[in-house]
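One structure is given here, and the rest of the page talks about it.
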């Protein structure tokens with residue numbers, strides 16, 4: 001699961017440093033104790049002339065690590081939760097997602113003050129919620145099909161996938177008008193892939209489903225947001241993403257994962 005807020009213009013270095021100071025104790029209290037500075041290089045091409053502008057910006061990652069067994073004799077750290085921020089966006093990822101209320105509550109406990117500082121300084125360009133779900137097949141990979149996982153009558157998938165036993169992908173999306181120049185993006189990307197868990201292990205065939213809903217603010221961006229209104233926006237996006245997922249997944253599989261009665 002990923003929650004992303006992008007800014008319509010970069011925050012200043014002064015605001016960035018204040019946000020880092022606000023985030024440090026809150027992320028530590030939530031177990032994101034591994035702190036990693038980031039440096040990004042962006043290239044802007046000028047369409048009206050030959051100039052190419054390159055800029056370097058700094059960011060910060062706060063990570064929660066968990067020990068996982070690589071093989072019988074070796075363990076390694078794995079990132080299970082991450083919050084990163086740079087002058088252009090703030091991103092939260094949770095790889096051990098459980099219930100929305102728990103994850104959302106923890107996120108706002110960490111980020112509410114920092115997001116308030118951001119929206120007081122710059123307008124917003126997008127607010128996005130994204131999920132990645134994976135269904136792994138046992139047995140012969142060549143026998144894996146979309147049937148039993150993907151809903152045949154769904155308008156969100158390409159019908160040709162049900163006739164294939166090899167690798168495939170089905171990517172769909174739409175933009176809906178909301179208010180003025182604002183739009184809401186809906187995406188469902190489904191892929192049959194061969195996944196390798198560890199070096200030296202055999203690949204396992206799986207279906208991954210990326211479902212996302214994103215608010216896109218036109219013009220100069222949204223300049224009237226607060227932490228409370230953004231929390232309500234993410235709650236709304238969560239409801240929309242669940243609808244996408246339920247419309248893409250087979251009813252028997254929904255029962256298996258406990259979503260048939262929601």
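The values are calculated or read from the model by the stated rules, or taken from the named source; none is laboratory data. Bear in mind the structure is a predicted one, so any value in this text is a computation, not a measurement. All Cβ positions, glycine included, derive from the backbone under ideal geometry; neighbour counts span all protein chains shown.
Annotation note: of 233, 165, 178, the sole residue that is out of contact with any helix residue (DSSP H, G or I) (no Cβ under 9 Å at 6 or more places or on another chain) and modelled with pLDDT under 95 is 178.
When every residue of the stretch 218-225 is checked against the conditions, at least one turns out to be closer than 15 Å to residue 176 by Cβ, in contact (Cβ under 8 Å) with a residue 12 or more places away in the chain and not in a helix (DSSP H, G or I). Selection of the stretch 75-99 for residues being modelled with pLDDT of 95 or more and under 22 Å from residue 258 (Cα atoms) yields only 94. On inspection, residue 202 fails the criterion of being in the same structural domain as residue 241 (by TED's automatic domain parsing) and either modelled with pLDDT of 90 or more or surrounded by 14 or more Cβ atoms within 10 Å (Cβ to Cβ) (or both). One residue stands out among those in the stretch 142-181 that are in contact (Cβ under 8 Å) with a residue 24 or more places away in the chain and under 30 Å from residue 219 (Cα atoms): the one that is surrounded by the most Cβ atoms within 10 Å (Cβ to Cβ), which is 156.
To keep it simple, each residue is scored yes or no on (1) within 21 Å of residue 225 (Cα to Cα); (2) in contact with a strand residue (DSSP E or B) (Cβ under 9 Å, 6 or more places away or on another chain); (3) assigned to a helix (DSSP H, G or I).
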residue: 90; (1), (2), (3): yes, yes, no
residue: 101; (1), (2), (3): no, no, yes
residue: 106; (1), (2), (3): yes, yes, yes
residue: 122; (1), (2), (3): yes, yes, no
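For the stretch 10-26, residues that are more than 11 Å from residue 119 (Cα to Cα) and not in a helix (DSSP H, G or I) total 2. All of (1) more than 18 Å from residue 98 (Cα to Cα); (2) under 16 Å from the mean Cα position of the chain (by Cα) hold for residue 251 with one exception: (2).
Scanning the stretch 244-262 for residues that are loosely packed, with under 13 Cβ neighbours inside 10 Å and outside any loop (DSSP other than H, G, I, E, B) turns up 251, 252, 255. Just give me the residues in the stretch 8-27 being touching a helix residue (DSSP H, G or I) at 6+ places or on another chain (Cβ under 9 Å) and under 14 Å from residue 84 (Cα atoms), in sequence order. Selection gives 19, 20, 22, 23, 26, 27. In summary, residue 149 fulfils each of the numbered conditions (1) farther than 22 Å from residue 3 by Cα; (2) out of contact with any helix residue (DSSP H, G or I) (no Cβ under 6 Å at 6 or more places or on another chain) with the single exception of condition (2).
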